[in-house]
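Contents: one structure, followed by commentary.
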Amino acid sequence: MDTLKLAQILFPNLDLTVAEIEEKYPPRQLPAEAMVTRLAPSPTGFIHLGNLYGAYADMKLANQSKGVFYLRIEDTDEKREVPGAIEEIINGLKYFGVNFDEGATIEGEKGAYGPYRQSERKEIYQVYARELVKKGLAYPCFCTEEDLAEIRKQQEVLKEQTGYYGKWARDRFLTLEQIEQYLAAGKPWVLRFKAMIKEGEMASIEDGIRGSLVMPANDMDLVILKTNGLPTYHFAHVVDDHLMGTTHLLRGEEWLSTLPMHLALFKAMGWEHPIYCHTAHLMKKEGEGKRKLSKRKDPELGLNYYRSLGYHPLAVKEYLLTILNSNYEEWRLNNPEADNDEFVFSIDKMGRSGALFDLEKLNDISQTVLLKLSAEEIYDFVLAWAKEYDEEYAQILLKNEQIAKKAFDIGRSGDKPRKDLIYGAQIAKFSAYIFPETFTITDPYPAEVTKEDAVTILSEYLKNYDYSDDNDAWFNKVRNLAQDLGFAAKPKDFKKNPELYKGHVGHVSGVIRIALTGRTNAPDLWEVQQIIGVEELSRRIKNAIEGLK
Ligand code: GLU
C-alpha cells in the first residue's frame, strides 16, 4: 500500500507540518531535576476529590522541583461536555488553593505550550495521526456499530478474545482503491492505530508509584481519531504530554489497563514517554470492607460538597496530604505549626492501593486547622461562605459581628482548647445559641430539678446577676444560690448524702445553662454571658421563666 498516498487522501487539506509544530514546542529550558506535571480534567461538570488529590500532588512536585504545573482541558468528548464546566473546574480548584503556572484560564490561557484546550488542537493531532498513516501504523476504518457488533458476536461464538485486532481488524486489509471508493461514497471513518506485536509480547514500565509493571503488550487496533476528526484520550494525551514536555504524568489507577496502548503509541511516534504515576483510588469504608467512592452513591466525592458545606480549604488540603503521602502525619506531628508547603512530597510515598477516605478524620483535622486561625479569620471565612450558601446566616453575622467573633473564640486557648468549629454549615448551626435572632431552647432542663425550683433558680439568679463579676465571683453566687435552695454546693457532697439535698450545684447551673444557651453542651457560660450582655441575658431568663410556667 502506498501509505504516503493514503495520508494525502485522508488529510487532503492539512497544511500544517510536523516541523512547524515542533518548532512551536521546543524542549523546556528547566533545571535537570525540574518536574513538569499537569492536571488534565475533562469538563464533564463533575469535579471531584480525585482531581484535587491529584492536583495537590502535581502542584507540590512541580513547585518543590522548580518545575511547571499546568492545566490542560481534555474536551474532545463533545457528548460529555457540560456548559460552564471549565469555569467550575478552574474556580473550584482555585478555591482549594490549587494554582497553575501555566495552562487554561477563565480568560483564555497563559504559557507558551498551548493551546491548552484539546478542542483547539485538532490540527495538531491530525498531523501526528497522518505521520502514523505514512509509517503504515494507522488506517481508516469504516466499520459501523453493526459491523463491530457482528465481529464481536463471531468472536464470542468462537470463544476468542473480543475486540478489533489482528485478523479481526477487518479494515486493516482494505486496498487503497476500496478506501478511495468508500471515501468518495461519503462513508464515515475513524482512524485506527495498527497494533504490531509479536505473539506473547509484553510491555514493561517503571511506574513512579507502583514500581516495575509488566503487562501483555497492546494488540488492539484502537481508535485514535474519531469520525469528527477529534482524537481519543489515548492519542491526545500522548501528543500533548510529548509536546508540552510533561515529565511526570499522575493519573488515576483506572488508566492502568490501557497503559500498554499508550506505551505502544509513544513507541510508534518515536517519543520518550513521561514517568507514569498511577494513583490509588479513594475508597470508603462500608461494613467490614471498603469500596471505591462512587459518583452516584457518594456526594462527598464531589468537590462541591466541601465547598457548599463550608469546609475551609486548608482543612481539605491538610487532610488530603495525609492520604497522599504516608509520612505526612509524622511530619505534621513534628512540625505542628509549619505551613504544609514546607513538607517535601515524594512520589514513592504515595499509596499503591485504595486510599481510605474518612469524613470523620477530615472533621477532626478541620477542627485542628480552624484552631490555628484567628477568630477574625474564621469570621471572614464563614461570612464569605454564608454569603454564597446561607444568606440568612450571613445577615446575622453581619449584624452581630462582634458577638460572632467573640463567640468563635471561646475556649480556644490553653492546653485543651475546645474544638467546636468544623465547617461553615456546622458552625452556623453550632453558633445559633449566641445570636438573639437564632437562640432557641433545644435541650431539656435537668430532670433532677422541678419546674417550680427551676423558676425560682432563674428568678433569683437574675436578681443577683452582676455583669462585672469575674468567673469566680459569678460561680460563687451560683453555688450560694444552690445552697440557699437546698442543693449541694459540690457534686460529691450530694453523691455522699443524696437524701440531704434536692440535687447539686451542677443541676442548678444546668438550669441556667439551658435558659441562656438552650443546650446542655455549650461553651463556658460565664464567657457566653459576657458576650451576649445583660439585656439579652435578662430577656432569655425572663422568656425561660415564662416557658416554664
Ligand atoms: N481527561 C482524563 C480524565 O479526566 C485525564 C486522565 C489523565 O490525567 O491523563 O480522566
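Below are the figures for this structure:
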{"read-out": "GLY287 being more than 16 Å from the ligand (Cβ to nearest atom), small (Gly, Ala, Ser) and out of contact with any Asp or Glu (no Cβ under 9 Å at 6 or more places or on another chain)", "value": "yes"}
{"read-out": "Lone qualifier among LYS94, LYS79 - being of a type in the set (Lys, Arg), part of a helix (DSSP H, G or I), within 16 Å of the ligand (Cβ to nearest atom) and free of Cβ contacts under 8 Å to residues at least 60 places away in the same chain", "value": "LYS79"}
{"read-out": "Residue in segment 442-457 that is closer than 20 Å to ILE531 by Cα and in contact with a helix residue (DSSP H, G or I) (Cβ under 7 Å, 6 or more places away or on another chain) present", "value": "no"}
{"read-out": "Pairs, first of a type in the set (Phe, Trp, Tyr) in segment 220-233, second within 15 Å of the ligand (Cβ to nearest atom), C-beta under 7 Å, six or more apart", "value": "TYR233/GLU74"}
{"read-out": "Residue match in segment 336-346 (condition: without any contact (Cβ under 8 Å) to a residue 40 or more places away in the chain, surrounded by fewer than 21 Cβ atoms within 10 Å (Cβ to Cβ) and more than 30 Å from CYS277 (Cβ to Cβ))", "value": "yes"}
{"read-out": "Residues being buried (at least 18 other Cβ atoms within 10 Å of the Cβ) and small (Gly, Ala, Ser) - total across segment 366-409", "value": "5"}
{"read-out": "Condition met for GLY211 (touching a residue at least 40 places away in the same chain (Cβ under 8 Å) and either of a type in the set (Gly, Ala, Ser) or within 11 Å of the ligand (Cβ to nearest atom) (or both))", "value": "no"}
{"read-out": "Out of PHE69, PHE142, sole residue that is more than 28 Å from the chain's Cα centre (by Cα) and free of Cβ contacts under 8 Å to residues at least 60 places away in the same chain", "value": "PHE142"}
{"read-out": "Hits in segment 43-68 (condition: within 15 Å of the ligand (Cβ to nearest atom) and part of a loop (DSSP other than H, G, I, E, B))", "value": "PRO43, THR44, GLY45, PHE46, ILE47"}
{"read-out": "Selection status of ASP219, within 30 Å of PRO31 (Cβ to Cβ), at pLDDT 95 or above, surrounded by 16 or more Cβ atoms within 10 Å (Cβ to Cβ) and acidic (Asp, Glu)", "value": "no"}
{"read-out": "In segment 28-42, residue farthest from THR246 (Cα to Cα) [restricted to those that are within 9 Å of the ligand (Cβ to nearest atom), outside any strand (DSSP E or B) and in contact with a Lys or Arg (Cβ under 8 Å, 6 or more places away or on another chain)]", "value": "SER42"}
{"read-out": "Residue ID - farthest from the ligand (Cβ to nearest atom), chosen from residues in segment 245-283 that are under 25 Å from the mean Cα position of the chain (by Cα) and aliphatic (A, V, I, L, M)", "value": "MET283"}
{"read-out": "Qualifying position, being within 16 Å of the ligand (Cβ to nearest atom) and over 14 Å from TYR276 (Cβ atoms), among ALA217, ALA236, ALA149", "value": "ALA236"}
{"read-out": "Neighbours by Cβ (under 9 Å, 6+ apart or cross-chain): first from segment 376-390, touching a residue at least 12 places away in the same chain (Cβ under 8 Å) and under 11 Å from HIS312 (Cα atoms); second of a type in the set (Val, Ile, Thr) and part of a helix (DSSP H, G or I)", "value": "ILE378/ILE427; VAL382/ILE427; TRP385/ILE427"}
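One line per residue, one yes/no per condition, for (1) on the phi > 0 side of the Ramachandran plot; (2) not acidic (Asp, Glu):
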| residue | (1), (2) |
| --- | --- |
| GLY245 | yes, yes |
| GLU254 | no, no |
| ALA264 | no, yes |
| TYR276 | no, yes |
| HIS281 | no, yes |
| GLU288 | no, no |
| LYS292 | no, yes |
| ARG296 | no, yes |
| PRO299 | no, yes |
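The values are calculated or read from the model by the stated rules, or taken from the named source; none is laboratory data. Computed from a predicted structure; not experimentally measured. Here the Cβ is made from the backbone with ideal geometry for all residues, glycine too, and neighbour counts use every protein chain on show.
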